[in-house]
Amino acid sequence: MKIAFVGKGGSGKTTLSSLFIRHLAATGVPVVAIDADINQHLGAALGLDDTEAAGLPALGEHLPLIKEHLRGSNPRIASAEEMIKTTPPGEGSRLLRVREDNPVYDACARPVELDGGAVRLMVTGPFTDADLGVACYHSKTGAVELCLNHLVDGRDEYVVVDMTAGSDSFASGMFTRFDITFLVAEPTRKGVSVYRQYKEYARDFGVTLKVVGNKVQGQDDLDFLRDEVGQDLLVTVGHSDWVRAMEKGRPPRFELLEEANGRALRALHTAVDATYERRDWVRYTQQMVHFHLKNAHSWGNERTGADLAAQVDPRFVLGEEATAPA
């Protein structure tokens, strides 16, 4: 199951995504966690110190390896240089699976031990001064999109992505890559503004969107969110001494998280699992192709000097039964 956490900067989406990752790990399920935010804070939220977080390998720096591995023996892709962030898989492409070992995980993923288990963590890498005037940050998150395009995940397998803040994820088709998107919103006008943007942009793509109210202090806050987002409000989260201790670098055992917040995480888990029966791999693949053709026309063909529409395999549908070369 693929889960995105989105929200405006400062909404608490990284904190909540890290709590959900810890919750999943505590249940013993396999988890791949991906930090796709321009501000790389997920590693720290999962307990890494500054040196450990800074030492995580960046997906963007391994893009040639990622492309070469995923291309496999796909005859429609002449070279890794002709792959762009939206390139879809086809016959002969290599696919990624949550539980496997592969060269992409070897190069880009690192295990993070949590008191309830362990997860694989991958990060895009921070936006640096070298990126200014050279490439936008979306070129780095493109590595995440390419991996998601080639990812086959099943029931009780989880990929949790901490997305860029605001509506930046609509700069590509990555917002359609998830079974469910949790939008973290504070009970303020600014807090729900990103929700309205997401709701509008995602309306035509069948995106399952649920709101997680954060920093909710009382009935008035709850009533405000209910009035603003209606039935999309799934759960609310309030003050947490556990989170405050975690932010000081001294997290207690995860089992000591406040019961109310634990219930909220279980509600998220239930909502995620409920989307499994509604999966539509045909639509998922069609959306992938739609955004690839859009990117090919707008900039990809000119950038690569190739007709990227030819990369689309009209007979290929990504899904749990899809096969790939060894």
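Among the residues of the range 233-247, those identified as free of Cβ contacts under 8 Å to residues at least 40 places away in the same chain and open to solvent by less than 40 Å² (accessible area, probe 1.4 Å) are LEU233, VAL235, GLY238, SER240, TRP242, ALA245. Only one of (1) touching a residue at least 40 places away in the same chain (Cβ under 8 Å); (2) out of contact with any strand residue (DSSP E or B) (no Cβ under 7 Å at 6 or more places or on another chain) is not met by ASP50, so which one is it? Only one criterion is unmet by ASP50, namely (1).
Considering only residues in the range 96-132 that are buried (at least 17 other Cβ atoms within 10 Å of the Cβ), at pLDDT 95 or above and touching a Pro at 6+ places or on another chain (Cβ under 9 Å), the one that is nearest to LEU24 (Cα to Cα) turns out to be VAL119. Considered as a group, the residues in the range 248-284 that are open to solvent by 90 Å² or more (accessible area, probe 1.4 Å) and basic (Lys, Arg) include one that is nearest to GLY173 (Cα to Cα), and that residue is ARG283.
To keep it simple, each residue is scored yes or no on (1) β-branched (Val, Ile, Thr); (2) touching a helix residue (DSSP H, G or I) at 6+ places or on another chain (Cβ under 7 Å); (3) closer than 23 Å to GLU81 by Cβ.
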{"residue": "ALA260", "(1), (2), (3)": "no, no, no"}
{"residue": "ALA264", "(1), (2), (3)": "no, no, no"}
{"residue": "ASP273", "(1), (2), (3)": "no, no, no"}
{"residue": "ARG278", "(1), (2), (3)": "no, no, no"}
{"residue": "ARG283", "(1), (2), (3)": "no, no, no"}
{"residue": "GLN287", "(1), (2), (3)": "no, yes, no"}
{"residue": "HIS290", "(1), (2), (3)": "no, no, no"}
{"residue": "LEU293", "(1), (2), (3)": "no, yes, yes"}
{"residue": "ALA296", "(1), (2), (3)": "no, yes, yes"}
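Of the residues making up the range 85-95, just one is open to solvent by less than 70 Å² (accessible area, probe 1.4 Å), charged (D, E, K, R) and touching an Asp or Glu at 6+ places or on another chain (Cβ under 7 Å), namely LYS85. Residues that are surrounded by fewer than 24 Cβ atoms within 10 Å (Cβ to Cβ), of a type outside the set (Lys, Arg) and assigned to a helix (DSSP H, G or I) are absent from the range 151-166 altogether.
Taking into account only those residues within the range 24-37 that are open to solvent by less than 50 Å² (accessible area, probe 1.4 Å) and among the aliphatic types (A, V, I, L, M), which is modelled with the lowest pLDDT? My answer is ALA36. Here ALA171 fulfils each of the conditions (1) modelled with pLDDT of 95 or more; (2) touching a His at 6+ places or on another chain (Cβ under 8 Å) apart from (1). Take GLU52 and decide whether it is acidic (Asp, Glu) and modelled with pLDDT under 95. Yes. When the range 188-237 is limited to residues that are in a strand (DSSP E or B) and among the aliphatic types (A, V, I, L, M), the one that is modelled with the lowest pLDDT turns out to be VAL237. Are there any pairs with C-beta distances below 8 angstrom linking a residue in the range 74-101 that is free of Cβ contacts under 8 Å to residues at least 24 places away in the same chain to a residue that is outside any loop (DSSP other than H, G, I, E, B) and of a type outside the set (A, V, I, L, M, F, W, C), with the two at least 6 apart or on different chains, and if so which? If the second residue must be outside any loop (DSSP other than H, G, I, E, B) and of a type outside the set (A, V, I, L, M, F, W, C), the pairs left are SER79/ARG71; ALA80/PRO64; ALA80/LYS67; ALA80/GLU68; ALA80/ARG71. Summed over the range 21-50, residues that are over 20 Å from SER172 (Cβ atoms) and of a type in the set (S, T, N, Q) total 1. Summed over the range 291-326, residues that are touching a Gly at 6+ places or on another chain (Cβ under 7 Å) and farther than 20 Å from GLY92 by Cβ total 1. In this structure, does ASP223 turn out to be open to solvent by 100 Å² or more (accessible area, probe 1.4 Å) and without any contact (Cβ under 8 Å) to a residue 24 or more places away in the chain? Answer is no for this residue. In the range 291-326, of all residues being modelled with pLDDT of 95 or more and among the β-branched types (Val, Ile, Thr), the one that is most open to solvent (accessible area, probe 1.4 Å) corresponds to VAL317. Note on the range 203-218: residues that are in contact with a strand residue (DSSP E or B) (Cβ under 6 Å, 6 or more places away or on another chain) and not hydrophobic (A, V, I, L, M, F, W, C) amount to 4.
The values are calculated or read from the model by the stated rules, or taken from the named source; none is laboratory data. Everything numeric here is computed off the predicted structure, so don't read it as measured data. A quick note on method: Cβ atoms are made from the backbone with ideal geometry, for glycine too, and the neighbour counts reach across all protein chains shown. Heads up: the accessible areas ignore ligands, DNA and RNA and are worked out on the full protein's heavy atoms, side chains in. Shrake-Rupley method; radii C 1.70, N 1.55, O 1.52, S 1.80 Å.
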